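Notes follow the structure.
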Amino acid sequence: MSIVTVQLGQCGNQVGHELFDIICSDALEGQRKVYSTASCERFFHQTTHGDLVARAVLIDMEPKVINQSISRAAKSGRWRYGESSHFSQKQGSGNNWANGYCVHGPRHRAVVEELVRREVERCDRLAGLMAMMSVAGGTGSGVGTYATQCLRDIYPKSFILNHLTWPYGTGEVIVQNYNSVLTLAHLYQLSDAILVHENDTVHRICSQLLNIKHISFGDVNGVISHQLGSILQPALTADSHGVYSRNPLGELVSALTCHPEYKLLSVCTIPQMPSIDWQVRPPAGSERTRTFTGPSFNISLANLLILRGKEVYSAETGGFEDPALYTSWLSSEEAFNLWKSPVPFNKYEKCATLVSNSQALLRPLDNMVGKAWNMFASRAYIHQYVKFGISEEDFLDSFTSLEQVISSYSQLS
């Protein structure tokens with residue numbers, strides 16, 4: 001089954017390009033025909049000349065990043081984007097969610113829907129749709145939210161996964177917390193799961209684990225794409241009977257988002273260095289030695305562990321089945337899932353990825369909502385949103401929605 005990816009805004013298009021590049025090089029690595037076939041069907045379609053074309057739609061209100069992504073893909077010689085699978089304009093959304101959601105989104109709805117429809121119709125079997133965007137700017141967050149809303153209307157029974165890149169806490173855009181609140185509150189009603197990468201966390205990986213001295217957005221996007229690819233590439237599930245999973249998005253959602261109040265997924269991957277031995281354990285924040293009620297203990301609703309490479313079948317993963325890691329109303333057998341693939345991923349001999357629906361994102365979410373509320377209480381920049389059609393009541397509804405999410409995750413026990 002195939003995934004159609006919708007890349008939105010500068011961040012979505014840059015991360016999307018890196019993701020397809022990693023997936024393609026991984027799929028074509030070595031002699032592994034079954035794995036390669038499953039991967040290529042999932043993310044690419046083949047032309048009559050045998051060219052691999054990404055199952056993707058590229059959307060931005062400025063042409064520069066899209067043109068760069070298309071050019072870099074073509075120059076790789078391994079894959080490319082479709083010749084008519086992109087849409088851009090000359091003027092951006094000015095880092096304003098309301099401009100993207102209320103103006104650009106509705107204005108270009110028909111074009112975007114048609115581009116997605118063409119990609120969907122190229123799929124023999126649709127696994128679902130994945131929208132990739134940042135929450136800080138205007139196009140990725142505003143147009144991205146509007147596009148997700150349209151996709152939910154047109155494909156009500158399809159799985160929709162939103163991949164969000166959260167901005168640096170120190171600030172990239174003065175109104176990034178407003179944009180983030182409005183994006184998350186709306187997507188929570190539309191998406192089946194929201195997979196989050198925090199720029200601050202990824203930056204630390206680049207600095208502390210990869211020892212990169214001068215970290216670029218390309219370095220950050222590379223780490224994000226590696227982690228995403230390790231989740232989405234073919235793997236064997238507990239009930240797949242030796243056949244690579246058919247519907248990666250459906251199985252991801254069923255494994256991790258069993259309750260509509262809990263949709264936030266975080267990711268961590270080892271190694272970020274060349275060697276690893278298979279002693280896979282839960283992250284340090286989940287150790288039983290911590291005080292269970294203390295702020296550092298991270299209760300999970302569900303965990304998915306994906307092991308790739310050599311000796312996956314002898315890996316010891318019993319630590320993840322400890323009932324103390326999970327909420328009391330789910331057994332650890334229901335809350336923990338394990339996927340495996342004996343095929344090495346992205347030139348790593350061994351790779352382990354943990355996707356978690358837990359309290360891991362609670363603190364950054366609470367901080368972001370708090371900062372946005374402080375700005376809102378002083379009425380800072382509200383007029384910039386009102387002039388495009390977002391009212392103060394819309395802000396209040398979004399705050400209320402996210403306060404409920406924060407409350408739900410805080411009460412996991």
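Derivation of every value follows stated rules applied to the coordinates shown; laboratory data play no part. Keep in mind it's a predicted model, so treat the numbers as computed, not measured. Don't worry about glycine lacking a Cβ; one is built from the backbone with ideal geometry, like all the others, and counts go over all protein chains shown.
Please list, short to long, the whole-number percent of alpha-carbon pairs of the stretch 44-184 in consecutive 10 angstrom bins beginning at zero.
Once binned at 10 Å, the Cα pair distances of the stretch 44-184 give 11, 39, 35, 13, 1.
About the Cα centre, and with charges only on the beta carbon of Lys, Arg (+1) and Asp, Glu (-1), how big is the dipole of the chain? Nearest 20 debye, please.
Roughly 860 debye, rounded to the nearest 20.
How high is the relative contact order of the stretch 1-125, in percent, with contacts defined as C-alpha pairs under 8 Å that are six or more residues apart?
Computed over the stretch 1-125, the figure is 30 percent.
Among DSSP beta bridges whose residues both lie in the stretch 2-261, state the antiparallel percentage, nearest 5.
Counting DSSP beta bridges with both partners in the stretch 2-261, the antiparallel share is about 10 percent.
Between residue 204 and residue 48, what FRET efficiency follows from the Cβ-Cβ distance if R0 is 41 Å, with the result rounded to 0.05?
0.35
Could you tell me the relative contact order of the stretch 304-386? Use alpha-carbon pairs under 8 Å, at least six residues apart, and round to a whole percent.
Once divided by the residue count of the stretch 304-386, the mean separation gives 39 percent.
Using the crude model of +1 on Lys and Arg Cβ and -1 on Asp and Glu Cβ, and no other charge, please compute the dipole size for the stretch 96-165 relative to its Cα centre, in debye to 20.
Charge dipole, the stretch 96-165, about its Cα centre: 60 debye, nearest 20.
Ranked from highest to lowest mean number of other Cβ atoms within 10 Å per residue, what is the order of the peptides 177-185, 225-233?
Those peptides, ordered most packed to least, come out 177-185, 225-233.
Which value, in Å to one decimal place, does the Kirkwood hydrodynamic radius take for the chain when every pair of different Cα atoms is included? The partial results should precede the final answer.
Numbers: mean 1/r = 0.0462 Å⁻¹.
Its Kirkwood hydrodynamic radius stands at 21.7 Å.
Roughly what % of Cα-Cα distances in the stretch 362-411 sit above 16 Å, to the whole percent?
Taking all Cα-Cα pairs of the stretch 362-411, the fraction more than 16 Å apart is 42 percent.
Using Cα-Cα distances under 8 Å and only pairs 6 or more residues apart, what relative contact order does the stretch 2-261 have, in percent?
22 percent
Could you work out [θ]222 nm for the chain from helices alone, using -39500 (n - 2.57) per DSSP H run of at least four and dividing by all its residues? Round to the nearest 500 deg cm²/dmol.
Calculated at 222 nm, the ellipticity per residue is -12000 deg cm²/dmol.
What's the longest bit of the chain with no exposed GluC sites (Glu not before Pro), using DSSP loop states and at most 10 other Cβ atoms within 10 Å as the test? Let's see the in-between values first.
Numbers: sites that count: 83, 316.
Longest gap between qualifying sites, sites excluded: 84-315.
Where Rh denotes the Kirkwood radius from the mean inverse Cα pair distance, what is Rg over Rh for the stretch 310-413?
1.18
So how do 7-17, 65-75 stack up, highest first, on mean other-Cβ count within 10 Å?
Output ranking for 7-17, 65-75: 7-17, 65-75.
Between their Cα atoms, which of 33/340; 33/75; 64/263 are more than 22 Å away from each other?
On the way: 33/340 17 Å; 33/75 25 Å; 64/263 33 Å.
Over 22 Å apart, Cα to Cα: 33/75; 64/263.
Any idea which of 367, 411, 20 is furthest toward the positive side of the dipole for the chain, if Lys and Arg beta-carbons carry +1 and Asp and Glu beta-carbons -1?
20
So what's the stretch 300-358 giving for Rg/Rh, alpha carbon basis, Kirkwood Rh from the mean inverse pair distance?
1.03
Using the Kyte-Doolittle scale, find the helices of the chain whose mean hydropathy is at least 1.6 and whose Cα atoms extend 20 Å or more along the helix's long axis, counting only whole DSSP H runs.
None pass (Cα extent of 20 Å or more, hydropathy at least 1.6).
Compare the Cα positions of 52, 330, 112 along the charge dipole of the chain (+1 at Cβ of Lys, Arg; -1 at Cβ of Asp, Glu; about the Cα centre) and return the one farthest towards the positive end.
So the residue furthest toward the plus end is 52.
Quick one: what are the phi-derived ³J(HN,Hα) couplings along the stretch 163-170, Karplus 6.51/-1.76/1.60 with θ = phi - 60°, whole Hz, x for glycine and proline?
These are the phi-based 3J(HN,Hα) values: 9, 10, 9, 7, x, 4, x, 6 Hz.
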